[in-house]
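The values are calculated or read from the model by the stated rules, or taken from the named source; none is laboratory data. If you're wondering where the values come from, they're calculated on a predicted model, not measured in any experiment. Positions of Cβ are generated from backbone atoms using ideal geometry, with glycine treated the same way; all protein chains shown enter the neighbour counts. When the accessible area is computed, the model is the full protein with side chains, heavy atoms only, and any ligands, DNA or RNA have been set aside. Shrake-Rupley method; radii C 1.70, N 1.55, O 1.52, S 1.80 Å.
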Amino acid sequence: MLDGRASRWPKACQSGCLTAVKSEEPRIDSLISFEKLFARQCRGKAYLVRYADDFVACFQLKEDADRYMAALVERLASFNLEIEPTKTQLLRFGSFAESMCKKEGLAKPATFNFLGFTHFVTRGRKGGFLVGRLTERKRVRRKLKDLNERLRSLRKQGGKAMQEYAKRHADGHLQYYGISGNYRGVKTYLHCVGRLLFKWLNRRSQRKSLNWDRFNEILRQGRLLPKARIVHNLYNFFPNRSGREGPETGSRMV
């Protein structure tokens, strides 16, 4: 909302480069131009993914990432600001992250949280690098806790009010978290929503009015809650020479 008018945020993209610097700091307009100028001085490729006051800087070379981290600290100091250590990290990420971690004796590349998703290094069906995304666990626990309290408070308003709220809650979760690679996470969350709804519908009186087998069958039919599905496909597809559709390898999402 800006000056009483609603506006849409631009769509953000995620790049999978070798090194990523993640931070959450107050947005400074002058810092944006600084980041653009810094990218031109890098020896390797450099990208910046920003949403409000949360951003991820991606670099092909570690030396560029180290210089950016030092320059970022100095730049923020000029505004009497400091980097929050618990929300800022320098980590290896990208196509060669797994092989380089093995050489250093590490089990696997580190993960990071961004915009409610845990991002990690994974492989596609053909063995190519992919950016994996799962719903952040802390958010899942917090949202289920809030939903549990909300359904508890709606008992006096009747079962219909509880069902309508649970459906709106599930629809909103699906619209945001229903992205490529997160189907299992969405399905698990919707199952937890169904369990909470079943719990509080049965606590409206001392006598249980619902049977779980019957209630679960209703959930599977999508009559109370939406079915788990992928709403946002992050991978671009185009017809190749054979006439079949395949992933666009030039996309940052792949």
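Annotation note: of D213, D146, the sole residue that is acidic (D, E) and either within 25 Å of the chain's Cα centre (by Cα) or in a loop (DSSP other than H, G, I, E, B) (or both) is D146.
Flag set for R123, criterion: in contact with an Asp or Glu (Cβ under 9 Å, 6 or more places away or on another chain) and either under 30 Å from M69 (Cα atoms) or open to solvent by less than 40 Å² (accessible area, probe 1.4 Å) (or both).
With the requirement that a residue be among the aliphatic types (A, V, I, L, M) and either under 30 Å from F120 (Cα atoms) or open to solvent by 90 Å² or more (accessible area, probe 1.4 Å) (or both), what does segment 215-230 give you?
First, pick out the residues of segment 215-230 that are among the aliphatic types (A, V, I, L, M): 218-219, 224-225, 228, 230.
If the condition is that a residue be among the aliphatic types (A, V, I, L, M) and either under 30 Å from F120 (Cα atoms) or open to solvent by 90 Å² or more (accessible area, probe 1.4 Å) (or both), then L225, A228, I230 are the ones that fit.
Residues in segment 65-124 that are closer than 24 Å to G178 by Cα and part of a strand (DSSP E or B): F112, N113, F114, F117, T118, H119, F120, V121, T122, R123.
Taking each residue of segment 72-96 that is on the phi > 0 side of the Ramachandran plot and looking for partners that are crowded, with 16+ Cβ neighbours inside 10 Å and assigned to a loop (DSSP other than H, G, I, E, B) with beta-carbon atoms closer than 6 Å, six or more apart or interchain, yields G94/G16; G94/C17; G94/L18.
Tell me, which residue of segment 87-106 that is at pLDDT 80 or above and over 18 Å from Q60 (Cα atoms) is surrounded by the fewest Cβ atoms within 10 Å (Cβ to Cβ)? Here the answer is K87. When D66, D53 are screened for being surrounded by 14 or more Cβ atoms within 10 Å (Cβ to Cβ) and more than 22 Å from F129 (Cα to Cα), only D66 passes.
Let's see how each residue does on (1) under 22 Å from F120 (Cα atoms); (2) open to solvent by less than 80 Å² (accessible area, probe 1.4 Å); (3) among the polar types (S, T, N, Q):
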site	(1), (2), (3)
R152	no, no, no
Q157	no, no, yes
K160	no, no, no
Y165	no, yes, no
G172	no, yes, no
R184	yes, no, no
L196	no, yes, no
D213	no, no, no
H232	yes, yes, no
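Condition test on L134, is it open to solvent by 50 Å² or more (accessible area, probe 1.4 Å) and touching a His at 6+ places or on another chain (Cβ under 9 Å)? Yes, satisfied.
Taken over segment 138-147, the criterion of being exposed (fewer than 14 other Cβ atoms within 10 Å of the Cβ) and of a type outside the set (D, E, K, R) is satisfied by no residue.
Can you pull out the residues in segment 181-195 that are of a type in the set (S, T, Y) and either in contact (Cβ under 8 Å) with a residue 60 or more places away in the chain or closer than 15 Å to D146 by Cβ (or both)? Full working, then the answer.
Restricting attention to segment 181-195, the residues satisfying the condition of being of a type in the set (S, T, Y) are 183, 188-189.
Of everything in segment 181-195, just one residue is of a type in the set (S, T, Y) and either in contact (Cβ under 8 Å) with a residue 60 or more places away in the chain or closer than 15 Å to D146 by Cβ (or both), namely Y189.
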